[in-house]
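First the structure, in the form of structure tokens, and then the observations on it.
The values are calculated or read from the model by the stated rules, or taken from the named source; none is laboratory data. All of these numbers come straight from a predicted model, not from anything done at the bench. With ideal geometry, Cβ positions are generated from the backbone for all residues, glycine too; neighbour counts draw on all protein chains shown. Just the protein is used for accessible areas: all its heavy atoms, side chains included, with ligands, DNA and RNA removed. Shrake-Rupley method; radii C 1.70, N 1.55, O 1.52, S 1.80 Å.
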Amino acid sequence: MFNSLLPNVQWDTIWAATVETLYMTGIAVVATFVLGIILGLLLFLTSKGNIWENRLANAIIAAFVNIFRSIPFIILIILLIPFTKLVVGTILGANAALPALIIGAAPFYARMVEIALREIDKGVIEAAKAMGATTATIIWKVLLPESLPALVSGITVTAIALVGYTAMAGVVGAGGLGNLAYLEGFQRNHNDVTFVATVLILVIVFVIQFIGDFVTSKIDKR
Amino acid sequence: MITLENVTKIYQSSNGSVTAVDDVSLHIKEGEIFGIIGYSGAGKSSLIRMLNGLEKPTKGNVIVADRNIANIKGKELREARQEIGMIFQHFNLLWSRTVRENIAFPLEIAGVPKEQRLKRVDELIQLVGLQGRENAYPSQLSGGQKQRVGIARALANNPKVLLCDEATSALDPQTTDSILDLLVDINQRLRLTIVLITHEMHVIRKICDRVAVMENGKIVEQGEVLQVFRQPKQTITKRFVQQVIEPEETKETIAHLIDKYPRGNVIQLTFVGEAAEQPLIANLTRQFQVNVNILQGKISQTHQGSYGVLFVHIDGTDEEVAKAIDYIRQQQVGVEVITDVQ
């Protein structure tokens, strides 16, 4: 039935592209989550009045985050080509997109992590200190659990941005639905392929948003 | 238990330095409830934070349970802190943990094994009377219940000292009283030394053994609570004492009476402990040619005994009134002749 309406759509290609998009997004989200939390924690802990207060370290991390957050993603991919070649060995395929995706998204997420950590009541951190907690305990048992809903809603927003990034990465040869829509859909003028790719990307975004909202509401006991 | 020696805390800010605590020396005995009262900005908050090293003194020594908190850091400071419990005005509970998990937190920090932890948490829940609320989250509790969790949490590692940072200031009067009762109960049951800071004289009156009054970073007056109530020396102390014993309308009544009766005297009588039980007024009218008119009276219960204030108007010839006042002075009752109202 679909096939008459969508004459140019080859479902196995579409499926392969979807898997590629999910693969790129999935790996990038996990890596961004970890890297972003580390960067966000460093930003927070080195800021004024906090446990590792250090103006120089804070300024360096903030500069790094700001620079990589400001570069438009499509330009970042191109700038990172030598780096990607060095790390992945190629600049084509889904794996080649990962360095750019992660380096593009982690600083963005790091800022959200920092904001989430700032929202934590200072008194709770003080109470943990008064109980004799180590910094590691404060990070694992106070900072992360107390900011978890904001961390999750932040990673949801970031994951959706990452889906968009994978489409852009697709244009320069990374594969996935973006690649398919560009090569099959745009360049060969197969609008039905573009349409299907778009719908699938929308579905992925909606699912991510739904999961994010659901998890946030489950863990938020405030 | 706690000794402060010449403790000074100076904060550096962009517009100069601020001396929050100015050369304070203090000794707090084991097992007593010691109150520090002052208005906001008096430095009491900085002072109590130095007792567990949340703030470091600029100068001086802070000795708590034989450790100089001012000098230690790292592991030693963390261990010292496990012996000093603290409760806060805004409770500072972790919203992500249940009552039980919140109370278990300091035990996790101290590395208590899980089985013992569960047992200890149950004991503490009994102690503070939170049975049935073990699995509630802080957002589901009332202010008083939250503070009970805070107290249980502070007591988890069997501390030697409990610090109370305005612990009842965010609670309504009734809840305040129930939390204060709990603190007294804990103090007596566990022989725990309690240091509290507050701006409410009511709290001092109700539970403290001794009190220190702070103003501009200095301790301007200290002593047994009953003694301070009987003979406040500094203006600020008198103001705090008035908070509890003298309702606002007293001043108006007295001003009115001084105007109305140019003859005789308005007198403030202060009774402490047993003196409150003598039939003083009856004796006065029987032995002297005076009329006694009772204007206002109030008895306050302190931790150490009762304390009463009575305002009377004594009328008669100057000679008889003077004799009557002399008589009262001999009865170990505080007398103050009020000639005008400030």
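Among B:161-169, B:39-47, B:119-127, sorting by the average number of other beta carbon atoms lying within 10 angstrom of each residue, highest first, gives B:161-169, B:39-47, B:119-127.
The angle between the Cα long axis of helix B:235-245 and the longest principal axis of the Cα atoms of chain B comes to about 90 degrees, rounded to the nearest 10. Amide H contacts of residue B:297: B:311, each under 5 Å away and 5 or more positions distant or on a separate chain (H built 1.01 Å from N in the peptide plane; Pro and chain starts excluded). Helices meeting the span-like rule in chain A (full DSSP H runs, Cα extent of at least 15 Å along the helix axis, mean Kyte-Doolittle score of 1.6 or higher): A:11-45, A:191-219. Contact residues in segment A:88-133 (at least 50 Å² less accessible area with all protein chains than alone, 1.4 Å probe): A:126, A:130, A:131, A:132. One equal scatterer on each Cα of segment A:7-219, no solvent, Debye formula: the resulting log10 I(q)/I(0) at q = 0.17, 0.18 Å⁻¹ is -1.12, -1.20. Ellipsoid semi-axes for the protein assembly as shown, based on the Cα gyration tensor and the rule √(5λ), read 70, 24, 22 Å when sorted largest first. Dipole magnitude for segment B:179-330: computed about the Cα centre from +1 point charges on Lys and Arg Cβ and -1 point charges on Asp and Glu Cβ, it is near 360 debye. Just checking the listed ones, B:306, B:96, B:25: in the Gaussian network model of chain B with Cα springs under 10 Å, the one fluctuating most is B:96. Each residue of segment B:167-179 is assigned a 3J(HN,Hα), and the resulting list reads 5, 10, 5, 9, 10, 6, x, 5, 5, 3, 4, 5, 5 Hz, derived from the Karplus form 6.51 cos²θ - 1.76 cosθ + 1.60 (θ = phi - 60°), x at Gly and Pro. Annotation: per residue accessible area for segment B:248-338 equals 56 Å², rounded to a whole number [probe 1.4 Å, protein chains only]. If you place +1 on the Cβ of every Lys and Arg and -1 on the Cβ of every Asp and Glu, how big does the dipole about the Cα centre of segment A:7-219 come out, in debye to the nearest 20? Dipole size: approximately 540 debye. Computing Rg and the Kirkwood Rh from the Cα coordinates of segment B:1-128 gives a ratio, Rg/Rh, of 1.02. Considering only A:117, A:63, A:153, the residue lying farthest towards the positive end of the dipole of segment A:47-206 is A:63, judged by Cα position with unit charges set on Cβ. Only aspartates and glutamates eight or more places from residue B:59 in sequence, or on another chain, were considered; those with a Cα closer than 15 Å are B:5, B:22, B:23. Taken residue by residue and averaged, Cβ atoms of other chains lying within 10 Å of the Cβ of B:76-87 number 3.
Straight-line reach from residue A:129: which aspartates and glutamates have Cα under 14 Å away, leaving out those fewer than 8 places along the same chain? Excluding near neighbours in sequence, the set is A:121, B:55, B:76, B:79, B:83, B:108. The string of couplings for segment B:43-56 from the Karplus curve (6.51, -1.76, 1.60, θ = phi - 60°) is x, 5, 5, 4, 4, 5, 5, 7, 6, 10, x, 5, 10, 9 Hz, one whole number per residue in order, with x for Gly and Pro. With 22 Å as the limit, the listed pairs A:141/B:160; B:206/B:233; B:251/B:298; A:141/B:75 have A:141/B:160 beyond it between alpha carbons.
Over all pairs of different C-alpha atoms, segment B:2-243 has a mean inverse distance whose reciprocal, the Kirkwood radius, equals 18.4 Å.
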